[in-house]
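What follows is one structure encoded as structure tokens, with my remarks underneath.
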Amino acid sequence: MTIEQLIEIAKEAGFTTVSEMDPATINLREDVRAMCADNTCKIYGRNWTCPPACGTLEECRARVAKYHRGIIVQTTGELEDSMDFEGMTEIGRRHKENFAALTPRVREAFPDTLPLSAGGCTVCKTCTYPDEPCRAPQLAFSSMEGYGMLVSEACKANGVPYYYGTNTLTYVGCYLLD
Ligand code: SF4
């Protein structure tokens, strides 16, 4: 499968913007990882795909370094206003749905893909971490932030907007491909 074909399939999965990503632009940052450790998302240390289980920053860098191609996927939606929490949840839900629909199709064509989305893996209602192995490694995904990526920086470095105007919200993910 070509990148162009993958981009079309990603659009069919529901993403509003899909673009090629150059893994060489990826900058994994200590400060982003430090934000994870603050645990505002409440899943730090509770999921196989989040820090610390997803590996040290150096281990994540080594993993990312083996990829030479990729795509960025975005789900953008409109909010009624900046307090529209229901709208924010709805856009987040759509992004998760799009990602869950696309991941098996990417894996089929690129078995060694590294899928990274917004927030840690939510495939299972409760993650098995740390007591049992991951239930569905073929569907599991880490988060861009969990790997240390500043999402706005990753978009900019690949020529993709991150901000689409007042009262819009964008969730971002990517698939790295070897
Ligand atoms: S697939 Fe399930 S067990 Fe595996 S990382 Fe995701 S939530 Fe955890």
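The values are calculated or read from the model by the stated rules, or taken from the named source; none is laboratory data. Here the structure is a predicted model, which is why all the values come from computation and not from measurement. Neighbour counts run over all protein chains shown; Cβ positions are idealised from the backbone, glycine included.
Things worth noting here:
- Members of region 129-159 that are among the polar types (S, T, N, Q) and either crowded, with 19+ Cβ neighbours inside 10 Å or not in a loop (DSSP other than H, G, I, E, B) (or both): S142, S143, S152
- Put simply, of E132, E153 the only residue that is of a type in the set (D, E) and near the ligand (Cβ under 9 Å from one of its atoms) is E132.
- Matching residues, region 20-34, being hydrophobic (A, V, I, L, M, F, W, C), surrounded by 13 or more Cβ atoms within 10 Å (Cβ to Cβ) and at pLDDT below 95: V32
- Among the numbered conditions (1) more than 11 Å from the ligand (Cβ to nearest atom); (2) closer than 24 Å to Q5 by Cβ, the only one that Y164 does not meet is (2).
- Only listed residue being more than 8 Å from the ligand (Cβ to nearest atom), of a type in the set (G, A, S) and within 16 Å of P52 (Cβ to Cβ), chosen from G146, G120: G146
- As a summary of the residue check, T126 satisfies the conditions (1) part of a loop (DSSP other than H, G, I, E, B); (2) away from the ligand (no atom under 11 Å from the Cβ); (3) of a type in the set (S, T, N, Q) except for the one numbered (2).
- Selected residue (criterion: surrounded by the fewest Cβ atoms within 10 Å (Cβ to Cβ)) from residues of region 61-83 that are of a type in the set (A, V, I, L, M, F, W, C) and more than 25 Å from G148 (Cα to Cα): M83
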